[in-house]
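Below: one structure, written as structure tokens.
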């Protein structure tokens, strides 16, 4: 093998890459929180008796689940751009991942809703609680436990999905920063190897954090 | 031809060519990933912990690093070791290992879901370990994990879109090439999305159907 | 006062309530007995609006339960109900289970709600279990917690739907003791039950349900000593 590794320049740009990692986390957390909220609404809409509402929710869910995430980001970035709605790669990525998260999680939550027994709702209603307080205090907390592993997975997915931003020209997230460095040095393997390590660490921290959170939250 | 646009029949054929590349890469990767996944899965389910755990940990890396980064790294081997492999080979190996990482855990969970009593019963009839695995455990486990395996394969199909990064012209990249000529990204992307949807949705439905039917039994 | 007039209800093709009329006075304990599927549990669900009715009317203190204009959540504060399956909220501690409705429905402060909850839990003998999760409680304890949860809303009426049917035999006693205590305190109660001896002991009146109708209504002595209808006689013979 005639290749000589050069790790020094990579280590020198580590601060830059860590900064990129923080942008990655920022995007993933944003897309996950908004996506979760949307997913709950989508899951409720899917169960709704209003035909239009459940149809629209169904289209969202199926498109998100049956087309590539990269396609969804492209559609927002190039598609909306062509309609005259200029959009930054950053926003396109956030919207794209949010759309994707919402679709996948809505399906998870639909299963979660049916895991909460009807009798629980009946008991809450018999105490004079309205539909919204019942959802908030009784159904959602119990659903959270059932769906927690899936939520954790989706969070890891969100972190990994942020790497797609580079394909539409995002330069500030970890993959974007790495690609920028790669372009000027051609030290592809070294830079992307370190980048891979950082992604791995982020995924693992996320999983461990989720496990601690579950241990704290679900003591019943 | 479409809505007075300059999109021609040839462009649609070009898109379909891209779709065929997508399908070909998917099939090759899923085949490789499934073979490796079954082997690794059996090891994960049955071997001693000092074999099973390191293997599990190693495969976990592939699930915790973005596929795009994995593709770039695999691709960089080409210039590092002067391999001169085609991007297609790299894409299939990379996606295949990625698939195997997920498939292994599927197979493992499936094998562990087969009741030990059933396996012991088969062994008590005088079957060898291998005979028992082939004729009892694998068929039962297949039934358990098949719906998830369909989900995994469809996931791989969607993930093939990333190989455009290493220069392969698959479905999504084809749509971009046409866009640069026709200048109607929204229309072309929507058609592209429709093609993806048609490739994925019916199979996803089949998987969900099988899952429900097999759960009842 | 609870007034029920000519109530009808179907479940699909099944005519479960065929014109039930009944009134329950303040301070009265009324037991509903009868075979399964006779409509007594359904009747109970209708009284606090958990089930809709098709014909007739039910009013509680003059407020019509099934009128569109009635704020059903407000009305339900007056009527506590305890089910056969106790439906403890598994994600909340015993104390939080009981505090939830006073806080969210009656808008009590945390402190006030806690005081009420502790008082009610002591009342049913669960003063020691405040911080436990329901999964750590026996069925009988969970059922008593459900009673405390309903009582914490200081209801004027309590409905009990076969509250001992899902319990192991050795746990039935503690729940019936709690009901007995409530009746001595003058709570207005409607009790759907299969415990004949209990019905006879605590009730002021007993209603015998059969095929969606009240076939016989009277004092426990009347019903259990000298039933008039042949269906009542048959049922009591098989039940005791």
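The values are calculated or read from the model by the stated rules, or taken from the named source; none is laboratory data. Here the structure is a predicted model, which means the values were calculated and not measured. Cβ: placed from backbone, ideal geometry, glycine included. Neighbour counts: every protein chain shown.
Tabulated data for the structure shown
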read-out: Listing of helices (runs of 4 or more DSSP H) fully contained in the stretch A:1-91 that carry 3 or more residues being surrounded by 15 or more Cβ atoms within 10 Å (Cβ to Cβ); value: A:14-47, A:51-66, A:69-74
read-out: Test for residue C:15: is it at pLDDT below 90 and part of a strand (DSSP E or B); value: yes
read-out: Search result, residues across the stretch C:84-110 that are in contact (Cβ under 8 Å) with a residue 60 or more places away in the chain and at the interface with chain A (Cβ under 7 Å from one of its Cβ atoms); value: C:85
read-out: Filter result (at the interface with another protein chain (Cβ under 9 Å from one of its Cβ atoms), buried (at least 19 other Cβ atoms within 10 Å of the Cβ) and in contact (Cβ under 8 Å) with a residue 24 or more places away in the chain) within the stretch A:134-155; value: A:142
read-out: Neighbours by Cβ (under 6 Å, 6+ apart or cross-chain): first from the stretch A:119-133, closer than 11 Å to residue C:74 by Cα; second assigned to a helix (DSSP H, G or I); value: A:127/C:101; A:128/C:73; A:128/C:76; A:130/C:73
read-out: Pairs with Cβ under 9 Å, 6+ apart, first in the stretch A:187-208 and at the interface with chain B (Cβ under 8 Å from one of its Cβ atoms) and over 20 Å from residue A:27 (Cβ atoms), second outside any helix (DSSP H, G or I) and modelled with pLDDT under 95; value: A:189/A:3; A:189/A:5
read-out: Search result, residues across the stretch C:185-240 that are without any contact (Cβ under 8 Å) to a residue 12 or more places away in the chain and farther than 24 Å from residue C:26 by Cα; value: C:225, C:226, C:230, C:233, C:234, C:237, C:238
read-out: Count - residues of the stretch C:51-74 that are under 19 Å from the mean Cα position of the chain (by Cα) and either facing another protein chain (nearest Cβ under 8 Å) or assigned to a loop (DSSP other than H, G, I, E, B) (or both); value: 8
read-out: Matching residues, the stretch C:111-130, being more than 14 Å from chain A (Cβ to nearest Cβ) and part of a helix (DSSP H, G or I); value: C:111, C:112, C:114, C:115, C:118, C:119, C:121, C:122, C:123
read-out: Matching residues in the stretch A:76-98 - criterion: being within 14 Å of chain B (Cβ to nearest Cβ), farther than 12 Å from residue B:189 by Cβ and in contact (Cβ under 8 Å) with a residue 40 or more places away in the chain; value: A:92, A:93, A:96, A:97
read-out: Number of the condition not met by residue C:68 [criteria: (1) in contact (Cβ under 8 Å) with a residue 24 or more places away in the chain; (2) more than 17 Å from residue C:3 (Cβ to Cβ)]; value: (1)
read-out: Residue A:161 being assigned to a helix (DSSP H, G or I) and facing another protein chain (nearest Cβ under 8 Å); value: yes
read-out: The stretch B:175-207 - residue that is over 22 Å from residue B:25 (Cα atoms) and more than 10 Å from every other protein chain (Cβ to nearest Cβ) and, of those, nearest to the chain's Cα centre (by Cα); value: B:180
read-out: Condition check for residue B:94: buried (at least 19 other Cβ atoms within 10 Å of the Cβ), within 14 Å of chain A (Cβ to nearest Cβ) and part of a helix (DSSP H, G or I); value: yes
read-out: Total residues in the stretch C:154-191, condition crowded, with 18+ Cβ neighbours inside 10 Å and closer than 19 Å to residue C:1 by Cβ; value: 12
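Let's see how each residue does on (1) in a helix (DSSP H, G or I); (2) within 14 Å of another protein chain (Cβ to nearest Cβ); (3) free of Cβ contacts under 8 Å to residues at least 40 places away in the same chain:
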site: B:27; (1), (2), (3): yes, no, yes
site: B:39; (1), (2), (3): yes, no, yes
site: B:43; (1), (2), (3): yes, no, yes
site: B:63; (1), (2), (3): yes, yes, yes
site: B:88; (1), (2), (3): yes, no, no
